[in-house]
């Protein structure tokens, strides 16, 4: 058996964007000065520089779905989708999670998922073969690649942050979002404290604030004088 490491691209230009993908979603990029990035696609709106972004929520009608009884070695499964459409490429590079019954606890990467208007059976092609056969009661959940269709945070502190663009990434375009190292980010209405950890601001879209004990940590504000509310401060991102 051979093994390969996680793809990492060194010496990237974090300001480059494109209408078509140049890399796989989620590929790591590192600048010559050591800042860390992930390759991502903007969702249905432009992403402005310095605004924290998040993954799209799991779609309720794409959770806990009935499937056909697939066998070990199969690379296609038939899924009964609920009454919410699937758009072209929405689940490319995403995952099928076996939610319940035989095979539960295993995820498979999606190679192709067709578009549908919803309330239909679709055939999903996997990038890897099934390792545990399904039973009649097996159910699955469709999970997007977290770097596809990313959007600016909206004040919901329970969302999944993915990174901060350093340049405008136009709607549906591809580019790099920063996940590690010093980064310019909007200070939200909750304000930040030098030397303290930061999290998603619960009021200002794309902003950050000082982290409370139970909230997710996305970075640290360096010690010293920080930026005022509504300005863009320098923060040390720790998402990667």
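Brief remarks on what is shown
- Boolean, residue 191 is more than 26 Å from residue 17 (Cβ to Cβ) and without any contact (Cβ under 8 Å) to a residue 40 or more places away in the chain: yes
- Subset of the stretch 129-155 that is outside the structural domain of residue 198 (by TED's automatic domain parsing) and surrounded by fewer than 15 Cβ atoms within 10 Å (Cβ to Cβ) - its residue that is modelled with the lowest pLDDT: 136
- Within the stretch 156-168, at least one residue is in contact (Cβ under 8 Å) with a residue 12 or more places away in the chain, on the phi > 0 side of the Ramachandran plot and in the same structural domain as residue 209 (by TED's automatic domain parsing).
- Residues satisfying the criterion are present in the stretch 88-102 (criterion: assigned to a loop (DSSP other than H, G, I, E, B), exposed (fewer than 13 other Cβ atoms within 10 Å of the Cβ) and over 15 Å from the mean Cα position of the chain (by Cα)).
- Which numbered condition residue 66 fails, given (1) surrounded by fewer than 18 Cβ atoms within 10 Å (Cβ to Cβ); (2) touching a residue at least 60 places away in the same chain (Cβ under 8 Å); (3) assigned to a loop (DSSP other than H, G, I, E, B): (3)
The values are calculated or read from the model by the stated rules, or taken from the named source; none is laboratory data. The shown structure was predicted, so the numbers you read here are calculated from the model rather than taken from an experiment. Ideal geometry is used to build each Cβ from the backbone, glycine not excepted, and the neighbour counts take in all protein chains shown.
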